[in-house]
1. Return a yes/no flag: does segment 137-157 have any residue that is under 18 Å from Ile86 (Cα atoms) and of a type outside the set (Lys, Arg).
2. Where residues in segment 41-72 are part of a strand (DSSP E or B) and either more than 13 Å from the ligand (Cβ to nearest atom) or not assigned by TED's automatic domain parsing to the domain that holds Val95 (or both), which of them is farthest from Val99 (Cα to Cα)?
3. Would you pick out the residues in segment 139-163 that are hydrophobic (A, V, I, L, M, F, W, C) and at pLDDT 90 or above?
4. Which numbered condition in (1) more than 17 Å from Arg139 (Cα to Cα); (2) exposed (fewer than 15 other Cβ atoms within 10 Å of the Cβ); (3) touching a Lys or Arg at 6+ places or on another chain (Cβ under 8 Å) is the only one that Tyr204 fails?
5. Determine, yes or no, whether Gln83 is more than 11 Å from the ligand (Cβ to nearest atom), assigned by TED's automatic domain parsing to the domain that holds Glu118 and under 19 Å from the mean Cα position of the chain (by Cα).
6. Look at segment 102-119 and say how many of its residues are modelled with pLDDT of 90 or more, within 20 Å of Ile63 (Cβ to Cβ) and assigned to a helix (DSSP H, G or I).
7. Residue check: is Arg92 more than 14 Å from the chain's Cα centre (by Cα), within 14 Å of the ligand (Cβ to nearest atom) and either free of Cβ contacts under 8 Å to residues at least 24 places away in the same chain or in a helix (DSSP H, G or I) (or both)?
8. Do you know which of the residues in segment 22-40 that are out of contact with any strand residue (DSSP E or B) (no Cβ under 9 Å at 6 or more places or on another chain) and within 16 Å of the ligand (Cβ to nearest atom) is nearest to Leu116 (Cα to Cα)?
Amino acid sequence: MTLRAPVYKSRVRILVVEDEKKTASFIRQALQAEHFAVEVTHDGGEALLRAQQTPFDAIVLDIMLPGLDGLGVLRKLREQRNQTPILLLSARGEVNERVAGLNAGADDYLAKPFALAELIARVRSLARRAAEPKPVLLRVGDLTLDTATRRAQRGGATVELTTREYRLLEYLMRTPGRICGRLTILEKVWDYNFDPGTNLVDVYVKRLREKLDVGHATRLLHTVRGAGYVLREEP
Ligand code: CA
């Protein structure tokens, strides 16, 4: 007898957290039309519970929520070592919140109003990245990255990374010694084929550098002024 896994098991699961019911409903319909399995909640506390119970492939998280807001949900999840990719939704003008979100470990953000096609592309990219294992041990100096377990170590000590930081580090470690420009990084790590006109890459590189290089005599992640970034042992 052949047992076949039900189709729904292989569907990509997305949690949508948005208190504006109309917006939540639009997002749900758009993602369902693309065959994602979608759960919606209008409440931050409820979002936290659901994310703890279910391994989602990605979370679409609005910043402005009553009670526990999106940034609160994000911080709690990351504190709990939950590294589900998170796409933050922010209202126009919430620039500080956006930066705070990226610093707290969000993987991407989208400013309202957005095109549904854009949302779908971002969600698909996050979910795909999360599901992509390429088991290789990468090494630059005393820094290693196990792409099967997604564990980074420097001098034997584990470096904790968010999903996007991991993607950035993996990309830089796959091209050691080569200067990577911001646009190339946006394309390879964020799947952007345009310049969103933000300092997204700089923010992430800075954070990654703090995690990798602070407390070590040799710096590995270097800025090449006007050109981009490079990972190498020499200064
Ligand atoms: Ca909202």
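1. no
2. Checking each candidate, the answer is Ala58.
3. Of everything in segment 139-163, those that are hydrophobic (A, V, I, L, M, F, W, C) and at pLDDT 90 or above turn out to be Val140, Leu143, Leu145, Ala152, Ala157, Val159, Leu161.
4. It is condition (2) that Tyr204 fails.
5. On the way: more than 11 Å from the ligand (Cβ to nearest atom): yes; assigned by TED's automatic domain parsing to the domain that holds Glu118: yes; under 19 Å from the mean Cα position of the chain (by Cα): yes.
Criteria met by Gln83.
6. Here the count works out to 3.
7. Criteria met by Arg92.
8. For segment 22-40, the residue satisfying everything is Phe26.
The values are calculated or read from the model by the stated rules, or taken from the named source; none is laboratory data. If you're wondering where the values come from, they're calculated on a predicted model, not measured in any experiment. So basically every Cβ, Gly included, is an ideal-geometry build from the backbone, and we count neighbours across all protein chains shown.
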